[in-house]
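K.L.:
First the structure, then my questions, so here it is.
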Amino acid sequence: MVARLTPDQKLFKYESSFLSCKLLGKDREAQQKCTYRYQKQPFIIVTKISVWRSISPYLHFIKTWFVVRDTSRSFLFSSHTTLHRLVFDFEFREKVWIFVIWVLSVMADLFSGGAVGAVMGEFLKGAIATINEGLAFGDTLESNIETLKSLAPQVEEMKKYNMMLDRPIEEINRLESHMRTGEELVRKCSKFRWWRGLSFPYYQNKLRRKDEALQRHLSVNVAAENKRDLMEVVTSMRKVLEILRKGGFERHHEYRLMGLCGAPQEPECMGMDLPLSKLRIDLLKDGVSVLVLTGLGGSGKSTLAKKICWDPQVKDKFGGNIFFVTVSKTPNLKTIVETLYEHCGCRVPKFETDEDAVNRLGVLLRVVGKNPILLVLDDVWPSSEAVIEKFKIQISDYKILVTSRVAFPRFGTSCQLDKLDHVHAVSLFCHFAQPNDKSSYIPDENLVHEIVRGCKGSPLALKVTAGSLCKQPFEVWQNMKERLQSQSILESNSTNLLFRLQQSLDILENKFSISEKVCFMDLGLFPEDQRIPVAALIDMWAELYNLNEDGSNAMSIIHDLTTRNLINVIVTRKVAKDTDMYYNNHFVLVHDLLRELAIRQSREETFEQRERVMIELNGDNRPEWWVGLNQLGIIGRSFSYILGMLYRQKQLKVAARILSISTDETFNSDWCDMQPDEAEVLVLNLHSSQYSLPEFTEKMHKLKVLIVTNYGFHRSELNNFERLGSLTNLKRIRLEKVSIPSLCNMKNLRKLSLHMCNTWQAFETYSIQISDAMPNLVEMSIDYCKDLVKLPDGLCNITPLKKLSITNCHKLSVLPQDIAKLENLEVLRLCSCSDLVEMPDSVKGLNKLSCLDISDCLNLTKLPDDIGELKLEKLYLKGCSKLRELPYSVVNFGSLKHKIHVICDEEVASLWENFPTIPNLKIEISIVEVNLNWLPGVHS
């Protein structure tokens, strides 16, 4: 007799059969057949079933369990490979989890009646949720691993950039902390085996929460940080582009070579192919090394070092990481490192000691050391061997190229630069001695060879001698040959070379009633390897030798010295036409041997008879005759009158017309009480952060020109400026890279030049107006003074003023409304004043104005409405990018009897097309010259 099944048993058998078909992968037809079979059973006793469930839940559960066991036994344990599949077969494991979930759902249904049923039902639902979480463990683990792997390299790059940009490290640390805890959890979960299956739900929750925390940090915190960084970048880029746009740099991407005194130009290099090739091979090798390029003075070491920096293969390897540093006889390590920081675009730290500077240099080079580095230390003296050692830093692919007259054998590799052979010497000589035109004398071959032999293969002697003979008659050539042949063979190499260079000086001609040799000797007044401003030479020579004030006579002499290869002239930024005679961007460079020759020439006379006295005060070194006031002691200072009389008897009376004093950063303003009564020019070269004008300046009643230049990195505080108030003959003052504390009465001053100075304290806090202090000022030049916001009050009351030049003062935003009071003003330069928005309409009252330069005033939106009333000859409008229209009054330029030259770019030139009826108008399109030498090398 076959036992009859209850309705619940029939329903359970149906569900079990259906699920078994699904788990065993049977086709849809078998599943439908199973469903159809059990749908025919009558389910008409639902109420009875519910009563039965309520009174016998446990019995029903036991019966159900046996049915489930019998149904699933053949499925789960029919093969000895089932355990292996359970561990390694993901799809099979998923089917088992589905089966377990189904069993629990049936159990939840069985316990759905009564209080116990409610509790057990909730419990089983929680168990089902837990099993679902365990089922998702694998996917969550794989997702976390993939996220962490993709983030790891990006975070490493972020750390490198964070270090390069000197950004706070806390933000990166927080992100790394999230990733570190996530990696630890993933590493732990990855080691789980199948028997840890019961812990899968717990760790799946931890993985999910950890991933959500990381995603939340990335989407909220990091997104906010990125937004802030982006805003900072945009702000910084606007400032950079504002400056670079003036030189057109956004359209030019040229190779840049760093240098303390500006980028050295690529030199001509003749007869040096072999050492150039050897040097290239050594530099292209991998690794860290010091290469020493050695040779006699004037043998072409610096020329070769500059040339190799422009070599295409060297540029390809080192890129922008080529730094050219001139060390010289008295190197300032802190200044060198500060300048390297500036060139790398990094914030310049304040160094307390040389050791601090060396440590920071290591940080800098490691930051830029991602690419190979080439550091050129030019003109290293034997006493500066320790400087080379301090620049040796262990980073990959870092080369140091040293040029020196000594080999420094401790550093290993050296390249000896010998004198030129005769063939190459003749070639170099003829290149500089024989011009292209046929009108000049062309010497015969024998005479050329005799003179070349007399130069002993020295490139410097060959160039200077050739320059002095260029376009000269036969007699001068013959005289040069005889001079060179008279040199004794007993002379040393250095003396021999100076003798040969001396011959070129002796044949210099007189010009403007002054010998050019005398002007050349004045170049020794300035420090070694430093650029000499042409404007400073013009000031000196105008007062000493009665040359004209516009500088044309001085430039003629400079041109002759350049032609003779005695000096080099560089123009750092061409902002005006040659006919304007504007020389603020012209500088002279002198070879150190030629500078030494100039100093020797000045010292041929006794001290009392010298025209020039040059004093160098380095550290505690003082001349024998130098006795400072501080050296007299307390008693001496207490009885100043008695001992002062004895003290003054020890002083040598300085009869020179020119006095030059150079001090280093350790100088403490311990001046002696010298008596330079005859001095007309005082040149002060300094490096210290504090500097006091010497007390004896009050007694220099014949002083006409004062030139104060700070060669340190930061500006120097200039004290005791009031000592100049008693000098009635003082005509010209030039100050560079100093802070001016106050003004004083200088009634006869005619020219004031301020370059890279801090002017706020002098112009804003003075007790007298500038018009009262300097009522006879004729020319005023203010260049790169970053703190100048407005012109000093009272400036417009200086009616004798003829030239006013305010250039590269980026904070200058407004001009005085009463500028028309400058009735004698002829030249007004306002170029590169980027914050200047407009010019006052009163400009129309400048009746004598012939030249107006407002080039590169980036924010200038309009010209004065009545600008056409001016009688201009030149109008510079290059780089006025916000200028959209011209005032109608420009048509009045057509009534001028002379031509008016408008120098501008193509954009501004198009504005003039609206005024085609101006007959005397000449538009000149300015060519943008991209030359990074003009960039100032100073931080306030």
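The values are calculated or read from the model by the stated rules, or taken from the named source; none is laboratory data. In this text the structure is predicted, and so the values were computed from the model without any measurement. Counting neighbours? That spans all protein chains shown, and the Cβs are built from the backbone with ideal geometry, glycine included.
K.L.:
Only one of Asn553, Asn618, Asn565 is out of contact with any His (no Cβ under 7 Å at 6 or more places or on another chain), outside the structural domain of Asp522 (by TED's automatic domain parsing) and not aromatic (Phe, Trp, Tyr); which? Steps first, answer last, please.
P.N.:
Numbers: Asn553 fails: outside the structural domain of Asp522 (by TED's automatic domain parsing); Asn565 fails: outside the structural domain of Asp522 (by TED's automatic domain parsing).
Of the residues listed, the single one that is out of contact with any His (no Cβ under 7 Å at 6 or more places or on another chain), outside the structural domain of Asp522 (by TED's automatic domain parsing) and not aromatic (Phe, Trp, Tyr) is Asn618.
K.L.:
Same structure again: Looking only at region 812-835, count how many residues are part of a loop (DSSP other than H, G, I, E, B), among the aliphatic types (A, V, I, L, M) and under 22 Å from Lys577 (Cβ atoms). Quick ask: steps written out before the conclusion?
P.N.:
Here is the first cut: in region 812-835, the ones part of a loop (DSSP other than H, G, I, E, B) are 812-818, 822-826, 830-835.
Now restrict to residues that are among the aliphatic types (A, V, I, L, M): 812, 814-815, 822, 825, 830.
Within this subset, residues satisfying the condition of being under 22 Å from Lys577 (Cβ atoms) are 825, 830.
The total comes to 2.
K.L.:
Moving on. Of the residues that sit in region 767-787 and are of a type in the set (Gly, Ala, Ser) and outside any strand (DSSP E or B), which one is farthest from His714 (Cα to Cα)?
P.N.:
First, the residues of region 767-787 that are of a type in the set (Gly, Ala, Ser): 767, 771, 773, 781.
Keeping just the survivors that are outside any strand (DSSP E or B) gives 767, 771, 773.
Numbers: Ser767: 27, Ser771: 30, Ala773: 28 Å.
In this case the residue turns out to be Ser771.
K.L.:
Among the residues of region 408-416, are any crowded, with 22+ Cβ neighbours inside 10 Å and either in contact with a helix residue (DSSP H, G or I) (Cβ under 8 Å, 6 or more places away or on another chain) or polar (S, T, N, Q) (or both)? Break it down stepwise before answering.
P.N.:
In the first step, residues of region 408-416 are kept if they are crowded, with 22+ Cβ neighbours inside 10 Å; the result is none.
No: zero hits.
K.L.:
Evaluate the following for Met674: is it modelled with pLDDT under 95, among the aliphatic types (A, V, I, L, M), over 21 Å from Arg612 (Cβ atoms) and not assigned by TED's automatic domain parsing to the domain that holds Leu544? Quick ask: steps written out before the conclusion?
P.N.:
On the way: modelled with pLDDT under 95: yes; among the aliphatic types (A, V, I, L, M): yes; over 21 Å from Arg612 (Cβ atoms): no; not assigned by TED's automatic domain parsing to the domain that holds Leu544: yes.
Judged against the criteria, Met674 is not a match.
K.L.:
Follow-up. Here is a check on your reading of the model: is Val337 buried (at least 16 other Cβ atoms within 10 Å of the Cβ), under 22 Å from the mean Cα position of the chain (by Cα) and modelled with pLDDT of 85 or more?
P.N.:
yes
K.L.:
Within region 429-448, count every residue that is at pLDDT 90 or above and crowded, with 18+ Cβ neighbours inside 10 Å.
P.N.:
Number satisfying all stated conditions: 2.
K.L.:
Residues being surrounded by 15 or more Cβ atoms within 10 Å (Cβ to Cβ) and under 10 Å from Asp397 (Cα atoms): count how many of those fall in region 277-297.
P.N.:
Residues meeting the conditions: 3.
K.L.:
Same structure, new question: Consider region 312-336. How many of its residues are out of contact with any Asp or Glu (no Cβ under 9 Å at 6 or more places or on another chain) and within 30 Å of Glu596 (Cβ to Cβ)?
P.N.:
4
K.L.:
Pairs needed: first member in region 329-340, within 16 Å of Asp529 (Cα to Cα) and not assigned by TED's automatic domain parsing to the domain that holds Glu616; second member anywhere, of a type in the set (S, T, N, Q) and part of a helix (DSSP H, G or I); C-beta distance under 6 Å; at least 6 residues apart or different chains.
P.N.:
That search, which allows pairs on different chains as well, returns Pro331/Ser384.
K.L.:
A follow-up question, please. Pick from Lys922, Lys899, Lys874, Lys882: which is under 38 Å from the mean Cα position of the chain (by Cα) and surrounded by fewer than 16 Cβ atoms within 10 Å (Cβ to Cβ)?
P.N.:
Details: Lys922 fails: under 38 Å from the mean Cα position of the chain (by Cα); Lys899 fails: under 38 Å from the mean Cα position of the chain (by Cα); Lys874 fails: surrounded by fewer than 16 Cβ atoms within 10 Å (Cβ to Cβ).
When all the criteria are applied, what remains is Lys882.
K.L.:
Which condition does Lys399 not pass, out of (1) closer than 25 Å to Lys350 by Cα; (2) out of contact with any Gly (no Cβ under 7 Å at 6 or more places or on another chain); (3) surrounded by 12 or more Cβ atoms within 10 Å (Cβ to Cβ), if it passes all the others?
P.N.:
Exception for Lys399: condition (1).
K.L.:
I would also like to ask the following. Among the residues of region 374-395, is there at least one that is aromatic (Phe, Trp, Tyr), modelled with pLDDT of 85 or more, not assigned by TED's automatic domain parsing to the domain that holds Pro527 and not in a loop (DSSP other than H, G, I, E, B)? Explain how you work it out, then say what you get.
P.N.:
Start the filter on region 374-395 by keeping residues that are aromatic (Phe, Trp, Tyr), which leaves 381, 391.
Within this subset, residues satisfying the condition of being modelled with pLDDT of 85 or more are 381, 391.
In the following step, the residues that additionally are not assigned by TED's automatic domain parsing to the domain that holds Pro527 were identified as 381, 391.
Subsequent filtering for residues that are not in a loop (DSSP other than H, G, I, E, B) retains 391.
Yes, some residue in region 374-395 is aromatic (Phe, Trp, Tyr), modelled with pLDDT of 85 or more, not assigned by TED's automatic domain parsing to the domain that holds Pro527 and not in a loop (DSSP other than H, G, I, E, B).
K.L.:
Can you name every residue in region 567-588 that is at pLDDT 90 or above and among the aliphatic types (A, V, I, L, M)?
P.N.:
Within region 567-588, Ile567, Val569, Val588 meet the criteria.
K.L.:
Moving on. All but one of (1) surrounded by fewer than 21 Cβ atoms within 10 Å (Cβ to Cβ); (2) touching a residue at least 40 places away in the same chain (Cβ under 8 Å) hold for Gly725, so report the exception by its number.
P.N.:
Looking at each condition in turn, Gly725 falls short on (2).
K.L.:
Step by step: first the residues of region 188-222, then only those that are part of a loop (DSSP other than H, G, I, E, B) and closer than 27 Å to Gln154 by Cα, then the one that is modelled with the lowest pLDDT. Which residue is that? Let's see the steps before the verdict.
P.N.:
We begin by selecting, within region 188-222, every residue part of a loop (DSSP other than H, G, I, E, B); these are 190-193.
Next cut, closer than 27 Å to Gln154 by Cα only: 190-191.
Values: Ser190: 71, Lys191: 68.
Restricting to residues being part of a loop (DSSP other than H, G, I, E, B) and closer than 27 Å to Gln154 by Cα, the top hit is Lys191.
K.L.:
Only one residue in Asn510, Asn568 is within 42 Å of the chain's Cα centre (by Cα) and surrounded by fewer than 16 Cβ atoms within 10 Å (Cβ to Cβ), so which one is that? Before you say what the answer is, go through the steps one by one.
P.N.:
Values: Asn510 fails: within 42 Å of the chain's Cα centre (by Cα).
Exactly one of Asn510, Asn568 is within 42 Å of the chain's Cα centre (by Cα) and surrounded by fewer than 16 Cβ atoms within 10 Å (Cβ to Cβ), namely Asn568.
K.L.:
Restricting the first residue to region 362-378 and requiring it to be more than 10 Å from Ile393 (Cβ to Cβ), which pairs with a second residue that is part of a helix (DSSP H, G or I) and of a type in the set (A, V, I, L, M) meet a Cβ separation below 6 Å and a spacing of at least six or different chains?
P.N.:
Listed pairs, sorted by first residue: Val367/Met164; Val376/Ala305; Asp378/Ala305.
K.L.:
Okay, moving on. Before we move on, is Lys399 over 23 Å from Ala305 (Cα atoms) and at pLDDT 80 or above? Quick ask: steps written out before the conclusion?
P.N.:
On the way: over 23 Å from Ala305 (Cα atoms): no; at pLDDT 80 or above: yes.
When the stated conditions are applied, Lys399 does not pass them.
K.L.:
Hey, Phe520 hits all of (1) assigned by TED's automatic domain parsing to the domain that holds Arg483; (2) crowded, with 22+ Cβ neighbours inside 10 Å but one; which does it fall short on?
P.N.:
Unmet condition: (1).
K.L.:
Restricting to region 701-749, name every residue that is part of a loop (DSSP other than H, G, I, E, B) and farther than 21 Å from Trp760 by Cβ.
P.N.:
Start the filter on region 701-749 by keeping residues that are part of a loop (DSSP other than H, G, I, E, B), which leaves 701-704, 711-713, 715, 720, 727-731, 737, 740-749.
Matches in region 701-749: His701, Lys702, Leu703, Lys704, Tyr711, Leu727, Thr728, Asn729, Leu730, Lys731, Lys747, Asn748.
K.L.:
Restricting attention to region 828-869, which residues are acidic (Asp, Glu) and touching a residue at least 40 places away in the same chain (Cβ under 8 Å)? Break it down stepwise before answering.
P.N.:
Step one: of region 828-869, the residues acidic (Asp, Glu) are 835, 838, 841, 853, 856, 865-866, 869.
Answer for region 828-869, where residues must be acidic (Asp, Glu) and touching a residue at least 40 places away in the same chain (Cβ under 8 Å): Asp853, Asp856.
K.L.:
Would you mind finding the one in Leu743, Leu706 that is in contact (Cβ under 8 Å) with a residue 24 or more places away in the chain, out of contact with any Ser or Thr (no Cβ under 7 Å at 6 or more places or on another chain) and more than 22 Å from Pro676 (Cα to Cα)? Break it down stepwise before answering.
P.N.:
Working: Leu706 fails: more than 22 Å from Pro676 (Cα to Cα).
Checking each option against the conditions leaves just Leu743.
K.L.:
Further, regarding this structure: Of the residues that make up region 838-860, is at least one of a type in the set (Gly, Ala, Ser) and buried (at least 19 other Cβ atoms within 10 Å of the Cβ)? Break it down stepwise before answering.
P.N.:
Let us first name the residues in region 838-860 that are of a type in the set (Gly, Ala, Ser), namely 842, 845, 850, 855.
The next check asks that each one be buried (at least 19 other Cβ atoms within 10 Å of the Cβ); those that pass are 855.
Yes.
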